[in-house]
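To start, the structure under review is shown below, and the notes come after it.
The values are calculated or read from the model by the stated rules, or taken from the named source; none is laboratory data. Keep in mind that this is a model prediction, so the values were computed, not measured. All Cβ positions, even for glycine, are placed from backbone atoms using ideal geometry, and neighbour counts span all protein chains on display. What goes into the accessible areas is simple: the full protein's heavy atoms, side chains included, and nothing from ligands, DNA or RNA. Shrake-Rupley method; radii C 1.70, N 1.55, O 1.52, S 1.80 Å.
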Amino acid sequence: MRRDVFQAIADPIRRDIIKLLAEETLSVNSIAEKFDISRPAISKHLKILNECGIIAYNQIGRERLCLIQPQKLIPAFLWINQYNKLWEDRIDSFENYINEISNKQK
(Lines give C-alpha, C1' and ligand atoms only; values in the text may rest on other atoms or scores of the structure.)
Protein backbone atom coordinates (compact mmCIF):
# COMPACT_ATOMS: atom_id res chain seq x y z
CA MET A 1 0.00 0.00 0.00
CA ARG A 2 1.32 3.41 -0.93
CA ARG A 3 1.10 5.98 1.85
CA ASP A 4 1.73 9.70 2.00
CA VAL A 5 2.35 12.37 4.61
CA PHE A 6 -1.35 13.25 4.82
CA GLN A 7 -2.22 9.71 5.88
CA ALA A 8 0.51 9.92 8.49
CA ILE A 9 -0.76 13.13 10.07
CA ALA A 10 -4.45 12.17 9.83
CA ASP A 11 -4.30 10.22 13.09
CA PRO A 12 -3.89 12.08 16.41
CA ILE A 13 -1.65 9.39 17.89
CA ARG A 14 0.71 9.63 14.94
CA ARG A 15 0.73 13.43 15.31
CA ASP A 16 1.65 12.96 18.98
CA ILE A 17 4.43 10.55 18.03
CA ILE A 18 5.76 13.08 15.50
CA LYS A 19 5.71 15.76 18.20
CA LEU A 20 7.64 13.51 20.61
CA LEU A 21 10.25 12.63 18.02
CA ALA A 22 10.64 16.26 17.00
CA GLU A 23 11.88 16.89 20.53
CA GLU A 24 14.14 13.85 20.89
CA THR A 25 15.13 10.52 19.39
CA LEU A 26 13.35 7.71 21.24
CA SER A 27 13.33 3.94 21.22
CA VAL A 28 10.18 2.10 20.20
CA ASN A 29 9.70 1.03 23.83
CA SER A 30 10.10 4.60 25.10
CA ILE A 31 7.44 5.78 22.66
CA ALA A 32 5.08 2.96 23.66
CA GLU A 33 5.45 3.86 27.35
CA LYS A 34 4.07 7.34 26.68
CA PHE A 35 0.72 6.07 25.38
CA ASP A 36 -2.23 4.19 26.84
CA ILE A 37 -2.45 1.80 23.92
CA SER A 38 -0.79 -1.53 23.27
CA ARG A 39 2.76 -1.90 22.03
CA PRO A 40 1.51 -3.62 18.83
CA ALA A 41 -0.77 -0.61 18.17
CA ILE A 42 2.20 1.75 18.57
CA SER A 43 4.21 -0.47 16.23
CA LYS A 44 1.47 -0.14 13.58
CA HIS A 45 1.54 3.65 13.90
CA LEU A 46 5.33 3.64 13.63
CA LYS A 47 5.13 1.39 10.58
CA ILE A 48 2.86 3.90 8.84
CA LEU A 49 5.14 6.80 9.77
CA ASN A 50 8.10 4.83 8.43
CA GLU A 51 6.30 3.94 5.19
CA CYS A 52 5.57 7.65 4.70
CA GLY A 53 9.24 8.47 5.28
CA ILE A 54 8.49 10.63 8.34
CA ILE A 55 10.57 8.43 10.63
CA ALA A 56 13.57 6.23 10.10
CA TYR A 57 14.98 3.53 12.35
CA ASN A 58 18.48 3.28 13.69
CA GLN A 59 19.30 -0.13 15.17
CA ILE A 60 21.78 0.08 18.06
CA GLY A 61 22.32 -3.36 19.54
CA ARG A 62 18.92 -4.67 20.60
CA GLU A 63 17.39 -1.21 20.69
CA ARG A 64 15.63 0.35 17.72
CA LEU A 65 15.65 4.14 17.79
CA CYS A 66 13.14 6.24 15.89
CA LEU A 67 14.47 9.34 14.15
CA ILE A 68 12.26 12.10 12.75
CA GLN A 69 12.72 13.00 9.08
CA PRO A 70 11.23 16.53 9.18
CA GLN A 71 11.79 17.26 5.49
CA LYS A 72 9.09 14.70 4.70
CA LEU A 73 6.54 16.94 6.46
CA ILE A 74 7.16 19.81 4.01
CA PRO A 75 4.34 18.83 1.58
CA ALA A 76 1.79 18.98 4.42
CA PHE A 77 3.21 22.28 5.66
CA LEU A 78 3.03 23.82 2.17
CA TRP A 79 -0.53 22.61 1.65
CA ILE A 80 -1.70 24.00 5.01
CA ASN A 81 0.26 27.22 4.60
CA GLN A 82 -1.62 28.12 1.41
CA TYR A 83 -4.73 28.63 3.53
CA ASN A 84 -2.97 30.86 6.08
CA LYS A 85 -3.83 34.12 4.27
CA LEU A 86 -7.45 33.03 3.82
CA TRP A 87 -7.88 32.38 7.56
CA GLU A 88 -6.03 35.55 8.55
CA ASP A 89 -8.36 37.59 6.32
CA ARG A 90 -11.44 35.91 7.80
CA ILE A 91 -10.26 36.45 11.36
CA ASP A 92 -9.44 40.10 10.62
CA SER A 93 -12.87 40.56 9.08
CA PHE A 94 -14.54 39.01 12.13
CA GLU A 95 -12.48 41.22 14.46
CA ASN A 96 -13.51 44.31 12.48
CA TYR A 97 -17.15 43.25 12.71
CA ILE A 98 -16.91 42.80 16.50
CA ASN A 99 -15.22 46.19 16.87
CA GLU A 100 -17.92 47.79 14.72
CA ILE A 101 -20.69 46.31 16.89
CA SER A 102 -18.89 47.38 20.08
CA ASN A 103 -18.53 50.94 18.81
CA LYS A 104 -22.23 51.13 17.91
CA GLN A 105 -23.22 50.05 21.42
CA LYS A 106 -21.19 52.83 23.08
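The table below gives the values:
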quantity: Loop-located GluC sites (Glu not before Pro) in segment 1-46, at most 16 other Cβ atoms within 10 Å (DSSP); calculated: Glu24
quantity: Residues of segment 15-106: accessible area per residue with a 1.4 Å probe, Å²; calculated: 75 Å²
quantity: Acute angle (nearest 10 degrees) that the helix 12-23 long axis makes with the longest principal axis of the chain, alpha-carbon atoms; calculated: 80 degrees
quantity: With Cα atoms, 0 to 90° folded angle of helix 84-105 axis to the chain main axis; calculated: 40 degrees
quantity: Label-point separation, Gln69 to Lys47 (7 Å along Cα→Cβ), nm; calculated: 1.8 nm
quantity: Stokes-Einstein D in µm²/s, Kirkwood radius over Cα pairs - the chain at 4 °C with 1.567 mPa s viscosity; calculated: 80 µm²/s
quantity: All lysines inside 30 Å of Lys104 as judged from Cα atoms, apart from same-chain residues fewer than 8 positions distant; calculated: Lys85
quantity: Within the chain: Cβ-based charge dipole about Cα centre, in debye rounded to nearest 20 (Lys, Arg +1; Asp, Glu -1); calculated: 380 debye
quantity: Burial ranking of peptide ranges 71-82, 44-55, 9-20, 88-99 (average Cβ count within 10 Å, highest at the top); calculated: 44-55, 9-20, 71-82, 88-99
quantity: Calculated FRET efficiency for the pair Tyr97/Lys19, C-beta based, R₀ 30 Å, to 0.05; calculated: 0.30
quantity: Accessible area of segment 29-106 belonging to carbon and sulfur atoms, whole % at 1.4 Å probe; calculated: 53 percent
